[in-house]
Amino acid sequence: MKDKNKIKKENRERRHKRVRAKVFGTSKKPRLCVFKSNKYIYAQIIDDEKGKTLTSSSSLKMKENALLEKAGKIGEDIAKKAEDLKIKEVVFDRGGYIFTGRVKALVEGVKKGGLKF
């Protein structure tokens, strides 16, 4: 019998492959990719044509305790960094995660920061 956590991880990876088959970031409209662990959340803006990460942000050094607050702040931070790079619009890659909780809070922070999807 397989471990429950291993099954959950395999299912998420399968969902992510399905999403990545459809989502592709260009120079004009890069991909905003999300990864979350139990403690932290990470966001990257990636140009898939060149295979380069343009900017990234994570909650590793944040002091807040609430995970949703961290996610919202990361969203605002990545939007500010994208604005500095003159990026106004991105394609969202939810990384196989369900669009609730921290992922949704991150997106709301990004929208609050002025980035469009």
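The values are calculated or read from the model by the stated rules, or taken from the named source; none is laboratory data. Note that this is a predicted model, so its numbers are computed, not measured. For neighbour counting, all protein chains shown are included, and Cβ atoms are generated from backbone atoms with ideal geometry for every residue, glycine included. The protein model used for the area step is the full one, side chains on, heavy atoms only, and it has no ligands, DNA or RNA in it. Shrake-Rupley method; radii C 1.70, N 1.55, O 1.52, S 1.80 Å.
Given a 1.4 angstrom probe, what's the average accessible area per residue across the chain, in square angstrom?
Working: 7790 Å² over 117 residues.
Ligands and nucleic acids excluded, the figure is 67 Å² per residue.
Can you list the lysines whose alpha carbon is less than 17 Å from that of K112, not counting same-chain residues fewer than 8 positions off?
Straight-distance partners of K112: K70, K73, K80, K81, K86, K88, K104.
Take K39 and K63, extend 7 Å from each Cα along the Cα→Cβ direction, and tell me the distance between the two endpoints in nm.
A separation of 1.8 nm, rounded to one decimal place.
Calculated FRET efficiency, K2 and K88, Cβ-Cβ r, R0 41 Å, to nearest 0.05? Display every interim value, and only then the final one.
Values: r = 44 Å, r/R0 = 1.08.
The pair K2/K88 has a calculated efficiency of 0.40.
Sum -39500 (n - 2.57) across every DSSP H segment of at least 4 residues in the chain, then divide by the residue count to get the 222 nm mean residue ellipticity, nearest 500.
-13500 deg cm²/dmol
Size of the dipole of the chain about the Cα centre, Lys and Arg at +1 and Asp and Glu at -1 on the beta carbon, nothing else charged, in debye to 20?
480 debye
Rounded to the nearest Å, what's the spacing between the alpha carbon centres of the range 1-67 and the range 87-116? Just the number, please.
Using only Cα atoms to place each centre, the spacing works out to 11 Å.
Just order 76-87, 101-112 by mean Cβ neighbour count inside 10 Å, highest at the front, would you?
Working: 76-87: 17.3, 101-112: 19.4.
Highest to lowest by the protection proxy: 101-112, 76-87.
Can you say what percent of the DSSP beta bridges in the chain, counting only those with both residues inside, are antiparallel? Round to 5.
In the chain, approximately 75 percent of DSSP beta bridges are antiparallel ones.
Tally up the carbon and sulfur contribution to the accessible surface of the chain as a whole percent, 1.4 Å probe, everything protein left in place. Walk me through the numbers on the way to the answer.
Working: 3960 of 7790 Å².
Using a 1.4 Å probe with all protein chains present, the chain comes out at 51 percent carbon and sulfur.
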